[in-house]
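Colleague: I am attaching a structure below and will ask some questions about it afterwards.
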Amino acid sequence: MAEEQTRADTSRRVAVRDTYDRIATHFAATREYAWPEVETFVETYVDGLETDSDTPPTGLDLGCGNCRHAELLAPHCEPVVGLDASRGLLETGRERACEREFEVALCQGDAARLPLAADSVDIAVYVATLHHLPTQRARRDSLDELARVLAPDGRALLSVWSTAHDKFDETEGFDTTVEWTLPGGEIVDRFYHIYSPEEFDTALEASALEVLEWEVSSGNCYATVAGAADSSPRAE
């Protein structure tokens, strides 16, 4: 039974990856600008990191898409890693980096099993991605993985869609699909787990992350977090 569940979970995650490969070029074209919340986070925390060390901080754009947020980190960090499950989206990130002349080390990977060393990331941006992981286990593991790779003084900004958004009537977290319309009219369904604010808060508290700040803005839940002192994986 456990093996069957693992196969089913893997199949769902592959389906999410394939969806973004399918819509990558059009999706990236609609994501031109960095979010103001990310700009504020980077301005707040990168400056402190730069003054506390003689070496440049390491940045991570987790779920990087077209690297619009990696571009914010690039002037301050060396290196910046842009990680995404979708090869198609990574190609759009490569194109943006070439056109705008910023450095980013691109990596295709799983947000629930980060191919990064422990304590190796000083500042991370993880926005609009966690809610695309299609199982509760994957989302939990991803939060713990972020805690594992953050350096002792590292900081990360997370965001997820929530039931506080005016397009939703539900008050509890739920799974759904959101349509994406490609040029020509083809509709592609994208998986989302819509968090309630309470559920997001509970998930963070249950993880290895330390929550420093938390807010709901424009229907999204945001949290500024640090890695816990002991970010080793929990026993099952």
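The values are calculated or read from the model by the stated rules, or taken from the named source; none is laboratory data. Computed from a predicted model, the values in this text were never measured in an experiment. With ideal geometry, Cβ positions are generated from the backbone for all residues, glycine too; neighbour counts draw on all protein chains shown. We work out accessible area using only protein heavy atoms, side chains counted, and drop any ligands, DNA or RNA first. Shrake-Rupley method; radii C 1.70, N 1.55, O 1.52, S 1.80 Å.
Colleague: For the range 122-131, what does the Karplus curve 6.51 cos²θ - 1.76 cosθ + 1.60, with θ = phi - 60°, yield as ³J(HN,Hα) per residue in whole Hz, taken in order and with x for Gly and Pro?
Modeller: 8, 8, 9, 10, 9, 10, 6, 10, 3, 6
Colleague: Which whole number of Å³ per residue matches the convex hull of the alpha-carbon atoms in the range 45-87?
Modeller: Dividing the Cα hull volume of the range 45-87 by its residues yields 60 Å³.
Colleague: Sticking with this structure for a sec: Just how large is the dipole of the chain about the Cα centre, in debye to the nearest 20, putting +1 at every Lys and Arg Cβ and -1 at every Asp and Glu Cβ?
Modeller: Value, rounded to 20: 840 debye.
Colleague: Here is a further query. Which ³J(HN,Hα) values, rounded to whole Hz and listed in residue order, are derived for the range 56-67 from phi using the Karplus coefficients 6.51, -1.76 and 1.60 in 6.51 cos²θ - 1.76 cosθ + 1.60 with θ = phi - 60°, glycine and proline given as x?
Modeller: Karplus values, whole Hz, x for Gly and Pro: x, x, 8, x, 9, 9, 8, x, 6, x, 8, 6.
Colleague: Can you list which of the GluC sites (Glu not before Pro) found in the range 158-198 are DSSP loop residues with at most 16 other C-beta atoms within 10 Å?
Modeller: For GluC sites (Glu not before Pro) across the range 158-198 that sit outside H, G, I, E and B with at most 16 neighbouring Cβ atoms in 10 Å, the list reads Glu170, Glu172, Glu186.
Colleague: Give the long-range amide H neighbours of Ala151: residues separated by 5 or more places, or on another chain, with amide H under 5 Å away, using H modelled in the peptide plane at 1.01 Å from N.
Modeller: For Ala151, whose amide H was placed from the backbone, the distant partners under 5 Å are Ser120, Val121, Asp122.
Colleague: Give the value in nm², to one decimal: projected area of the alpha carbon convex hull of the chain, averaged over all directions.
Modeller: 13.2 nm²
Colleague: For the range 42-140, what is the Kirkwood estimate of the hydrodynamic radius, computed as the reciprocal of the mean inverse distance between distinct Cα atoms, to one decimal in Å?
Modeller: 13.8 Å
Colleague: If you don't mind, another one. Let me check against my output: what whole-number percent is the relative contact order of the range 37-127, with C-alpha pairs under 8 Å and at least 6 apart?
Modeller: After rounding, I find 33 percent.
Colleague: Further question on the same structure: With both bridge residues required to lie in the range 44-174, what share of the DSSP beta bridges run antiparallel, to the nearest 5%?
Modeller: 5 percent
Colleague: Report for the chain the percent antiparallel among DSSP-assigned beta bridges with both residues inside it, nearest 5.
Modeller: Beta bridges within the chain, antiparallel portion: roughly 55 percent.
Colleague: How much accessible area per residue does the chain have, in Å², with a 1.4 Å probe?
Modeller: 50 Å²
Colleague: Taking the dipole about the Cα centre of the chain, with the C-beta of Lys and Arg at +1 and of Asp and Glu at -1, give me whichever of Val38, Thr176, Leu143 is farthest to the positive side.
Modeller: Positive-end residue among those listed: Thr176.
Colleague: Can you give me the long-range amide H partners of Glu210? Hydrogens built in the peptide plane at 1.01 Å from N, cutoff under 5 Å, separation of 5 or more residues or another chain.
Modeller: Ala226, Gly227, Ala228
Colleague: Summing -39500 (n - 2.57) over the DSSP H runs of n ≥ 4 in the chain and dividing by its residue number, what mean residue ellipticity at 222 nm do you reach, to the nearest 500 deg cm²/dmol?
Modeller: Calculated mean residue ellipticity at 222 nm is -12000 deg cm²/dmol.
Colleague: Okay, next question. When only C-alpha pairs under 8 Å and at least 6 residues apart count, what is the relative contact order of the chain, in percent?
Modeller: It rounds to 17 percent for the chain.
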